[in-house]
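Report on one structure; see the data block that follows.
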Amino acid sequence: MENKEMAILIEGIKKLSKDAAQLAELLEKAQTLEPEPATEEVPDKEYSLEEVRSILADKSRTGFRAEVKALLTAHGVKQLSEITDPKELAALVKEAEVIGNG
């Protein structure tokens, strides 16, 4: 091997060694850091029947009566009072919030 080739090889090994040391240092730091806490899913707000009725009435008054009726039909009911599950009411509100916002 010629001197020039040997010098290039030596420099490459030095750089590789330096890069490996930096990588090891970064890995050590990452290992000691506390993991970020998992984001907790915020539970849906619970709505009373009266609150949902008010929200849907506002949508109906602003020209979205057919959409509100379609929402109720999609939930398998003809009248809001037929829904008793709080989760179902929350889902209904979520779906109603998009009406008129698109």
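Quick note: the coordinates plus some simple rules give every number you see, no bench work behind them. What you are looking at is a predicted structure, and each value in this text was computed from that prediction instead of being measured. Methodologically, a virtual Cβ is constructed for each residue, glycine included, from the backbone with ideal geometry; neighbour enumeration extends over all protein chains shown.
In a shell of Cβ-Cβ distance under 12 Å around Ile8, excluding Ile8 itself, what net charge do Lys and Arg (+1) and Asp and Glu (-1) give?
Summing Lys/Arg as +1 and Asp/Glu as -1 gives 0.
So what is the 222 nm mean residue ellipticity for the chain from helices alone, if each DSSP H run of at least 4 adds -39500 (n - 2.57) and you divide by all residues, rounding to the nearest 500 deg cm²/dmol?
Details: 4 runs with 64 residues, N = 102.
Counting only the DSSP helices, I get -21000 deg cm²/dmol.
With no solvent and one point on each alpha carbon, what is the Debye value of log10 I(q)/I(0) for the chain at q = 0.13, 0.19, 0.23 Å⁻¹?
So the normalised log intensities are -0.62, -0.93, -1.16.
Please give me the summed charge of the neighbours of Arg61: other residues whose Cβ is under 13 Å from its Cβ, Lys and Arg +1, Asp and Glu -1.
+1
Given contacts defined as C-alpha pairs under 8 Å and at least six residues apart, what's the relative contact order of the chain, whole-number percent? Show your work: numbers first, answer last.
Numbers: 44 pairs, mean separation 29.2, N = 102.
After rounding, I find 29 percent.
Relative to the longest principal Cα axis of the chain, at what angle does helix 65-74 sit, 0 to 90 degrees, rounded to 10?
The helix 65-74 is inclined about 70 degrees to the chain.
So what's the angle, to the nearest 10 degrees on a 0 to 90 scale, between helix 49-59 and the longest Cα principal axis of the chain?
Computed tilt is about 90 degrees.
Starting from the Cα of Lys4, step 7 Å along the direction of its Cβ; do the same at Glu88; then give the gap between the two resulting points in nm.
Result for the modelled spin labels: 8.4 nm.
Using the Kirkwood formula over every pair of different C-alpha atoms, what hydrodynamic radius in Å results for region 49-98?
10.6 Å
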